[in-house]
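Asker: Here it is: the structure, laid out below.
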Amino acid sequence: MRGVVWMAAVLVILPACGGGGGTVLDALAFSIVSPAADGAANDARPVIRWTTLPAFDRFRVSCFRDAALTDLIDRVEVQGVTEIVVSVDLPDGTTIYARVEVLDDMGEVVVTGPVRRFKVILLPPDLPRFELVRHDARKTQRGYRLFNITDRSPPTPAERVSALFLVNEMGEVVWFWRRPLGTFTDARVLPNGNLLYIFITPAAGTQKAYESTWDGVEVWQSRDGVKVHHEVTPGPGGNYLCLTYTHRPVGALLYEGDGLELVDPATNAVLWSWDIFDHVSTDEVDPIDILVTGRSGMGQDWTHSNAAVWDPDRSLIWVSVRHLERLLGVHYPSGDVRVVLGKGGLGGDGLLSHPHAPEVQEDGTLLVFDNGNRRDPPYSRVVQLHWDEAANSVAELIEYRETPDYYAGAVGDADRLPNGNILVVAGTIRRIFEITDTGENVWEIASTNERFWVYRAEHVAPHEIPAGVLPFD
C-alpha cells in the first residue's frame, strides 16, 4: 500500500514557558490527526498520528478511558517520530480519550495538544481493509462515504463476505453492516434516513431491492419472482425505480435484456414498466459479451444495463446500456426512446465504452464513469456530456483521466459532490477517490485485497444519518 500523502499547514509555534501542564493550543496548530475527532479506530492497537511541531521532536502520547483523563490505559514516549501504535489492546466499543504532549530535552511538558475522542470499532478479520492514501483537508468534501464490497472469490459459498461500509474523511470505518450469504450492490440513503439497497442471495436465486433501517429492520422489499439488479432509486413521484431482467428467445438462443419497473413502496404495485426488447433491435450485439451467460442465470448477456437515473426536468429515465456502448434517454411515461447517446446514436462509436452510472448534473449535463473495455489500449475515465436537444448533438465537455491511465473493466461510479469535486469509484481495482474540477486527486482510500470489488460509493452528509449510527452524534 502506498503511504498516506498528508497535506496540512504546519504553523510555527513558540514554546510556552513553565512546566507542569504546559500550554493548550488551538487544534489546528498542534493536534492528533488520526484517529479523527469523534471518529473511529478499526484495530485493537490503533496508530495515533499527530501534526509536526518545529524545533521539537520528543512527545508523550496518553490514552484514557474517561474525559477527565484520570483512568490511564496506555502512555508512550517517543522521539523523532509523529506516530505510535498503542501498546495494549483496546476493547471493541470503547470510547478513548487521547492526548499528545510535547516534551523538552529534560522531559518537561512544554506544549499540550487538545484531547481527541474516538471510539474503537473493530472490523472482523475477513472484511477487507481500506487504507487512506491521500487527504488534502483543505479541498476534500466534508462528510462520509457509503459503499459496498463485492466478494468475487469466496473459498466456499458459505464463506461469502458481504458488507456495507460508512467511512469518514480519514478513511475510518465508523459503521458497517454484514449480511450473510449474499452480496450488497447499489446502496443509498433515502430522505427519511433509511437505506435503499439491492441484495443478491445466490443460494436462493434472488436479487431483491430493500428499504431498511441502519440496524437491518426491513421496511420494504421488492416483489418475489422479479430480479432487481444494479439500480434501485427514487423515481417519478418518489416511487422506487428498479432495473430488472427480461428475457426473449432470439433464434435458437434466449437473450437476457433489461426492464424498468416503477413501484409504489406503500403497496408494491407496479405503476409503470418498460422493456428494452421493445425498443432496441436484437441484431445489435457485442460479439464478445453475447457469448456469456447473463447475471440472471438465464440467457445470453445481451444488453447488461447497469443504471437507471430519473431526470425530472426532462421527464427522462437515463439507462446505461453497457454492452451496447450507449445511454438511452427513455421518456416517462410514454416509454419512447427520445435520444441515444453513443453507439447507434449521437456521438457514435467511441463516445462511450462500456459506461456506468450516469448522473444528471444541475445544468442538465451528464457525468459518466466510462470503463473503456473496448478502447485499444483500454483505459477508464470520467466524462461530462452535454446533450443539446435543439441541435440534436452531443459534446464532451470535460474528460478526467490520470497519468498514467488506470483501467477498471467493470463496475464504477462518478458523483458530483456538494463542493464541486467528483467522487470516483474504480471498483475492480478497489480505489475510491475524489478529484477537483481540474482533475487533482485530493482524497483516496484503496485496498490491496484483490478478492473484493467496490460497486459504487455515495456521499452522505452528517445530517442525513440517523441518531445512533455514528460513533458520536
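Asker: With Cβ to Cβ distances under 12 Å as the rule, what net charge do the other residues near C63 carry (K, R +1; D, E -1)?
Answerer: Summing Lys and Arg as +1 and Asp and Glu as -1 gives +3.
Asker: Less than 17 Å apart at the alpha-carbon level, and either on another chain or at least 8 residues along: which aspartates and glutamates does that give for K227?
Answerer: Cα-Cα hits under 17 Å: D186, E211, E256, D258, E261, D264, D275, D301.
Asker: Starting from the Kirkwood radius over alpha-carbon pairs of the range 104-203, derive D by Stokes-Einstein at 10 °C in a medium of 1.306 mPa s and give it in µm² s⁻¹.
Answerer: It comes out at roughly 96 µm²/s.
Asker: Show the residues, 5+ positions off or on another chain, whose built amide H is closer than 5 Å to the amide H of Q221.
Answerer: Those qualifying (amide H under 5 Å, at least 5 residues apart or on another chain) are E211.
Asker: Excluding R456 itself, what net charge comes from residues whose Cβ is under 9 Å from its Cβ, given Lys and Arg +1 and Asp and Glu -1?
Answerer: Taking every other residue near R456 into account, the sum is -3.
Asker: A further question on this structure: Taking K and R as +1 and D and E as -1, what net charge do the other residues with C-beta under 10 Å from the C-beta of V109 add up to?
Answerer: Values: positive: R60; negative: E101, D104, E108.
So the surrounding residues net to -2.
Asker: From the backbone phi of the range 42-55, what are the Karplus-calculated ³J(HN,Hα) couplings (6.51 cos²θ - 1.76 cosθ + 1.60, θ = phi - 60°) in whole Hz, Gly and Pro given as x?
Answerer: Using θ = phi - 60°, the values come out as 9, 10, 5, 10, x, 8, 10, 10, 9, 6, 6, 9, x, 6 Hz.
Asker: A further question on this structure: Please compute the length gained on full extension between D43 and A461, using 0.36 nm multiplied by the number of residues separating them and subtracting their Cα-Cα distance.
Answerer: 148.0 nm
Asker: Per 0.36 nm of contour for each residue apart, how much would the distance between D363 and D92 grow if the chain were fully extended, relative to their Cα-Cα spacing?
Answerer: Details: separation 271, 0.36 × 271 = 97.56 nm, distance 4.61 nm.
Contour length minus the Cα-Cα distance gives 92.9 nm.
Asker: Here's another thing I want to ask about it. Cα centroids of the range 183-259 and the range 99-140: how far apart, whole angstrom?
Answerer: Centre-to-centre (Cα) distance: 40 Å.
Asker: A further question on this structure: Could you pull out every residue, at least 5 positions away or on a different chain, whose amide H is within less than 5 Å of the one on L90? Hs are placed 1.01 Å off N in the peptide plane, and Pro or chain starts have none.
Answerer: HN-HN under 5 Å from L90: R45.
Asker: Quick one: which residues, 5 or more positions from H230 or on another chain, have an amide H under 5 Å from its amide H? H modelled 1.01 Å from N in the peptide plane, none for Pro or chain starts.
Answerer: Those lying under 5 Å, H to H, from H230 are D186.
Asker: Calculated FRET efficiency, T213 and T156, Cβ-Cβ r, R0 35 Å, to nearest 0.05?
Answerer: Numbers: r = 31 Å, r/R0 = 0.87.
After rounding, the FRET efficiency stands at 0.70.
Asker: Now a separate question. Quick check: from the Cα gyration tensor, does the range 236-353 come out rounded (a/c under 1.5), prolate or oblate? Show your work: numbers first, answer last.
Answerer: Working: a/c = 2.20, a/b = 1.28, b/c = 1.73.
Because a/c hits 1.5 or more and a/b fails to exceed b/c, the range 236-353 counts as oblate.
Asker: Which value in nm describes the separation of the simple spin-label points at V81 and R65, placed 7 Å from the Cα toward the beta carbon?
Answerer: 2.7 nm
Asker: Could you rank the peptides 296-307, 340-351 by their average count of other C-beta atoms within 10 Å per residue, with the highest value first?
Answerer: 296-307, 340-351
Asker: Could you go through the range 316-332 in sequence order and give the Karplus-derived ³J(HN,Hα) for each residue, using 6.51 cos²θ - 1.76 cosθ + 1.60 with θ = phi - 60°, rounded to whole Hz, and x for Gly and Pro?
Answerer: Residue by residue, the range 316-332 yields 10, 10, 7, 10, 8, 9, 4, 6, 9, 6, 7, 10, 9, x, 8, 6, 10 Hz.
Asker: Between A391 and T293, take the C-beta separation as r, use R0 = 45 Å, and let me know the FRET efficiency to the nearest 0.05.
Answerer: 0.65
Asker: Under 20 °C and 1.002 mPa s, how fast does the chain diffuse according to Stokes-Einstein, given a Kirkwood radius computed over C-alpha pairs? Answer in µm²/s, whole number. Let's see the in-between values first.
Answerer: Values: Rh = 24.2 Å.
The diffusion coefficient I find is 88 µm²/s.
Asker: Continuing with this model, one more query. Set the Förster radius R0 to 45 Å, insert the Cβ-Cβ distance between D349 and R129 as r into 1/(1 + (r/R0)^6), and round the FRET efficiency to 0.05. Can you show the working numbers first?
Answerer: On the way: r = 41 Å, r/R0 = 0.90.
The computed FRET efficiency comes out at 0.65.
Asker: Let me ask something else. Mind listing the phi-derived Karplus ³J(HN,Hα) values for the range 74-83, rounded to whole Hz, using 6.51, -1.76 and 1.60 with θ = phi - 60°, and x for any glycine or proline?
Answerer: Computed from phi, the couplings for the range 74-83 are 7, 9, 9, 10, 9, 9, x, 9, 10, 7 Hz.
Asker: Tell me, how many Å apart are the Cα centres for the range 459-473 and for the range 283-316?
Answerer: When both Cα centres are located, 35 Å separates them.
No value in this document is a laboratory result; all are computed from the given coordinates. Since the model is a prediction, treat every value here as computed from it, not as a measurement. For neighbour counting, all protein chains shown are included, and Cβ atoms are generated from backbone atoms with ideal geometry for every residue, glycine included.
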